[in-house]
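The values are calculated or read from the model by the stated rules, or taken from the named source; none is laboratory data. Keep in mind that this is a model prediction, so the values were computed, not measured. We work out accessible area using only protein heavy atoms, side chains counted, and drop any ligands, DNA or RNA first. Shrake-Rupley method; radii C 1.70, N 1.55, O 1.52, S 1.80 Å.
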Amino acid sequence: DRVQVSFVDISRAYFNASTDPENLTYVQLPAEDPDSGRDVCGLLLKHMYGTQRAAEGWQSEYSSTLVDKLGFQQGIACPCMFVQAERDIVITVHGDDFTAVGPKRQLDWYESMLEKSYELTKGGRLGPGASDAKEASCLNRIVRWCDAGLEYEADPRQAEKLIEELQFDDGVNSCV
């Protein structure tokens, strides 16, 4: 079974995480709500982007899914890393972006299990096979499968920011 790299993006990730009943979060109702403008507000039952505890709630949600439902072990030094030793899968999570490496059959299982819990978008499956993708995008970076291994192309916006901050874009400064 050949090794592949899987890219999965969870849609509306924070809305999958239930709020903590010990730490209630209230929001102002949107203008289109019939009760908007009255002395009422909304109590969130699920986390929402921009709220204080949303990222923590989402991390707790996906961690419990991976560990309790799918049998992964969470990293101690790096809690966004997960390993499923029996299936030979390693995952890193950055926000709502999951990158996994493992045998094709096991990645098929992993993606199908994630689909049972979340709405998601599959970003391609890199690998050495003729039908495998050879290029994918993850976190605004291009990742390529090459004969020599994986190749990462940096986010071009980061290079532009660096050039601007170092004032190399005015033509006066130059590298020596």
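One table, with the values for the structure above:
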item: Accessible surface of the chain [probe 1.4 Å, protein heavy atoms]: carbon and sulfur percent; result: 51
item: Gain on full stretching of the segment that runs from Asp68 to Arg2 - 0.36 nm per residue minus C-alpha separation; result: 21.1 nm
item: Accessible-area ranking of Lys69, Lys104, Lys122, largest first, probe 1.4 Å; result: Lys69, Lys122, Lys104
item: From the coordinates shown, P(r) over Cα pairs in 5 Å bins from 0, in percent corresponds to which of (1) 1, 7, 12, 14, 13, 10, 8, 6, 5, 4, 4, 3, 3, 3, 2, 2, 1, 1, 1, 0, 0; (2) 1, 7, 13, 15, 14, 13, 10, 9, 8, 6, 3, 1, 0; (3) 1, 8, 15, 18, 16, 9, 5, 4, 5, 5, 4, 4, 3, 1, 1, 0; result: (2)
item: Amide hydrogen neighbours beyond the local backbone of Gln4, cut-off 5 Å, H modeled; result: Gly102, Lys104
item: Mean ellipticity per residue at 222 nm, deg cm²/dmol - from DSSP H runs of n ≥ 4 across the chain, formula -39500 (n - 2.57); result: -6000 deg cm²/dmol
item: Accessible area of the chain divided out per residue, in Å², using a probe of 1.4 angstrom; result: 65
item: Heavy-atom SASA rank of Val27, Val93 (probe 1.4 Å, accessible area, largest first); result: Val27, Val93
item: Relative contact order for the chain, counting Cα pairs under 8 Å that sit 6 or more residues apart, in percent; result: 25
item: Greater than 31 Å apart at Cα, pairs in Lys116/Lys161; Lys46/Lys122; Lys69/Lys122; result: Lys116/Lys161
item: Ser131, Ser64, reordered so the largest accessible area comes first (probe 1.4 Å); result: Ser131, Ser64
item: Normalised contact order of the stretch 41-97, rounded percent, pairs of Cα under 8 Å and 6 or more residues apart; result: 19
item: Extension reserve of the Glu56-Ile76 stretch, reckoned as 0.36 nm per residue once the Cα distance is removed; result: 5.6 nm
